[in-house]
Amino acid sequence: MTRTRLAAIAAATFAGALLLSACGGSGDSGSGSDSGGSNVVGDITCVDGSIKAAGSSAQANAITQWITDYQITCEGATIDYQPVGSGAGVEQFIAAQTSFAGTDSAMKDEDLVAANERCGGGPAINLPMVGGAIAVAYNVEGVDSLVLNPDTLAGIFTSTITKWNDPAITALNPDATLPDATIAQFHRSDSSGTTDNFTKYLAATAPGVWTFEPGKDWVAPGGQGSKGSDQVMASVDSTPNSIGYVELSYVLYSQVAKAASIDNGGGPVEATSENAANTISGAEVVGEGNNLALKIDYAVSTPGAYPIVLVTYEGVCQTGLAADQNPALVKAFLQYAASDAAQGDLIEAGYVPITGDLLTKVRAAVEAMS
Amino acid sequence: MATTSHEPTTTRADPEGISGAAVRRGDRTFLGLSTGAGLLVLVVMAAIAVFLVWKAIPSIQADSANFFTEGQWLPDSDPPVFGIAVLLFGTLWTSIIALVIAVPIGYGIALFIAFYAQRRLASTLAFIVDLLAAVPSIIFGLWGLYNFMPYVVPFSQWLSEYLGFIPIFANSQELWTKSILMAGLVLAIMILPTVSAISREVFVQVPRMHVEAALALGATRWEMIRMAVFPFSRPGMISAAMLGLGRALGETIAVALILSAAFEINWAITEPGGNSFAANIALKWGEAGEVGRSALIASGLVLFFITLVVNMSARWVIARRKDFSGAN
């Protein structure tokens, strides 16, 4: 009797679980649709409705901040940005699952061809919106400022320079007391855009020392790998005589480590958002028309231009975004993103703003969207 | 009769009930559920194997290097170059170190709890060891990295200074953090509860008569353990070690945090380096491209087979020993 009941309960529970999991399997797909009227509040033009976007996790914090600001002002708008990674973000944009994509590297050639098709002829364009800087963080007691040039940096990160008092380092830092200690070098053990950009910089500026292909995975010998910028930062903080590369914001909040100045030939430049912004605004536009794909000049030697930078883009349809994916809201949101207020917020968040002529071009490209 | 009776079945003595031939709805339901549960495991295992093979094939075909002997892992480069040599080496090497450390200590804990400790102390200790198994592995990883590592570094330095003539303890880099030894130590702590809990279960099942007979014949406690406990428990002790090994082989996030993830085969356990299948998957999956993901799944397939072989050889050892140990 009791057993029968138990079995019945068990059977019912089992069936219930199956039903539940069956229900949970269906995710909602497709983008929001309802768009309504618009009104202007300060920098923000409010457009009702909802959009989906996905892509780069590097710019996720910036985009999330902008979305929060936008949605607080515009109650009728819902913007959903999923930090799924650049590759997946571009894929979803091309497959017309999202209204725009966030990507660490500008969409090129075959991606653009596919994206143009998705935009009904479009064209699809890249808009640089969020910049970043990579800082070389070091932890050496008693050394408050450190200058490195590309060859020395590449030497340290390829383990050909292994001591802090190596002549190459002391020559650049005549006033510093550098210890006779082994350099504990930390890099990323996971695949990352940070490694990609850092190795691109080394490959462009120190080709004689850095003889490896730049890429998302660390391939140089020696040193120690840590997972994520947070762990690299923590490793540098907790290991005496160490050095590593991280996004600028990490070293700004570190109690122990400091950021090295980089001397590309025009004198040492400190790692700050403002100095990095100078490099980004001086980058050459290699895209056509309103496609603002950039080519960063890593070898820049202008005083006050910090050279180890990266740019993340929004991949959008200049025209031809389907009406049910709410082109008006995309445009209004990007107008806000390119505003002085939104770009100014980037510095505080450890990002690098787009400035100068480049920002003017970005704004013009956003205005041309329809 | 079997369909309408309201009497409890246990009071009846008819052979029909004992043989299990009585078919009531509850029996049938339960038979169905338990058979289903049993089959479900097989179906899940088969589905995993099929999925892994299916997803792994494209990358293995695209690989321009030998999948088994190549040490680099660049599946998304053009052409793709990747192989499991380093991952296989690192996985086995860290797990072996973990086993060498954890198995003797685990047996020791189990013997102490089963034969030496007072009852109250024994149950408290058993509870605490079991609690260790409930700690999430990310906690072990972070704890190992920030709290444990500073204490291991002097130990590593001591090892390389005094035992450096043995190649595996040598350290030419003068760096002691993020080493295979470090990962092995943390893994050892993680598999300790598995090893000690299972061997404890086996030790307490040693027939009381054997134990008392040994003691009555004048054996000391250690002789009793050697003569009465070990022969009886050997299969269980082996399976305890093998289950520990299984956990060590597949451990992911703690190893990913601790190891330096270098793609080179380095026997020196105090130098930074090492890598493992599971850690590599965790580190590379997020940014991997199409071939990259397939390649990671291919490496997962290899780990799947290694774990299968480990478990099967454990079963084989147990089965071979069963006859003359008297267990089960």
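The values are calculated or read from the model by the stated rules, or taken from the named source; none is laboratory data. Quantities reported herein were computed from a predicted structural model and do not represent experimental measurements. Neighbour counts run over all protein chains shown; Cβ positions are idealised from the backbone, glycine included.
Being in the same structural domain as A:A115 (by TED's automatic domain parsing), in a loop (DSSP other than H, G, I, E, B) and within 17 Å of A:M369 (Cβ to Cβ) is the requirement here; does A:L321 meet it? Considered against the rule, which asks whether it is in the same structural domain as A:A115 (by TED's automatic domain parsing), in a loop (DSSP other than H, G, I, E, B) and within 17 Å of A:M369 (Cβ to Cβ), A:L321 comes out as yes. Which one of these does A:I125 not meet: (1) surrounded by fewer than 18 Cβ atoms within 10 Å (Cβ to Cβ); (2) more than 20 Å from A:A257 (Cβ to Cβ)? Condition not satisfied by A:I125: (1).
All conditions in (1) at pLDDT 95 or above; (2) not assigned by TED's automatic domain parsing to the domain that holds B:L245 hold for B:I105, with the sole exception of (2).
Of the listed requirements (1) at pLDDT 90 or above; (2) more than 10 Å from chain A (Cβ to nearest Cβ), B:R315 misses just one: (1). Select from the range A:320-348 the residues that are under 30 Å from A:A271 (Cα atoms) and among the charged types (D, E, K, R) and list them in ascending order. Within the range A:320-348, A:D340, A:D345, A:E348 qualify.
Each row is one residue, and each column tells you yes or no for (1) free of Cβ contacts under 8 Å to residues at least 40 places away in the same chain; (2) part of a loop (DSSP other than H, G, I, E, B); (3) touching a strand residue (DSSP E or B) at 6+ places or on another chain (Cβ under 6 Å); (4) within 23 Å of A:E91 (Cβ to Cβ).
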{"position": "A:L292", "(1), (2), (3), (4)": "no, yes, yes, yes"}
{"position": "A:Y298", "(1), (2), (3), (4)": "no, yes, no, no"}
{"position": "A:V311", "(1), (2), (3), (4)": "no, no, yes, yes"}
{"position": "A:V330", "(1), (2), (3), (4)": "no, no, yes, yes"}
{"position": "A:A341", "(1), (2), (3), (4)": "no, no, no, no"}
{"position": "A:L346", "(1), (2), (3), (4)": "no, no, no, no"}
{"position": "A:G350", "(1), (2), (3), (4)": "no, yes, no, no"}
{"position": "A:K361", "(1), (2), (3), (4)": "no, no, no, no"}
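Here is a yes/no grid of residues against (1) outside any loop (DSSP other than H, G, I, E, B); (2) outside the structural domain of A:A184 (by TED's automatic domain parsing):
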{"position": "A:G102", "(1), (2)": "yes, yes"}
{"position": "A:M107", "(1), (2)": "no, yes"}
{"position": "A:A114", "(1), (2)": "yes, yes"}
{"position": "A:E117", "(1), (2)": "yes, yes"}
{"position": "A:G122", "(1), (2)": "no, yes"}
{"position": "A:A137", "(1), (2)": "yes, no"}
{"position": "A:V143", "(1), (2)": "no, no"}
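Evaluated against (1) assigned to a helix (DSSP H, G or I); (2) of a type outside the set (V, I, T); (3) within 14 Å of another protein chain (Cβ to nearest Cβ); (4) surrounded by fewer than 22 Cβ atoms within 10 Å (Cβ to Cβ), B:G90 falls short on exactly one condition, (4). Counting only helices (runs of 4 or more DSSP H) that sit wholly inside the range A:193-266, those with at least 1 residues that are surrounded by fewer than 20 Cβ atoms within 10 Å (Cβ to Cβ) and on the phi > 0 side of the Ramachandran plot are A:228-238. Which one is farthest from the other protein chains (Cβ to nearest Cβ) among residues in the range A:190-227 that are out of contact with any helix residue (DSSP H, G or I) (no Cβ under 9 Å at 6 or more places or on another chain) and within 24 Å of A:S57 (Cα to Cα)? Looking at the filtered set, the residue picked out is A:K200.
Among the candidates B:E223, B:E212, the residue that is over 17 Å from B:Y107 (Cα atoms) and surrounded by fewer than 14 Cβ atoms within 10 Å (Cβ to Cβ) is uniquely B:E212. Among residues of the range A:78-121 being at pLDDT 90 or above and hydroxyl-bearing (S, T, Y), the one that is nearest to A:V285 (Cα to Cα) is A:T103.
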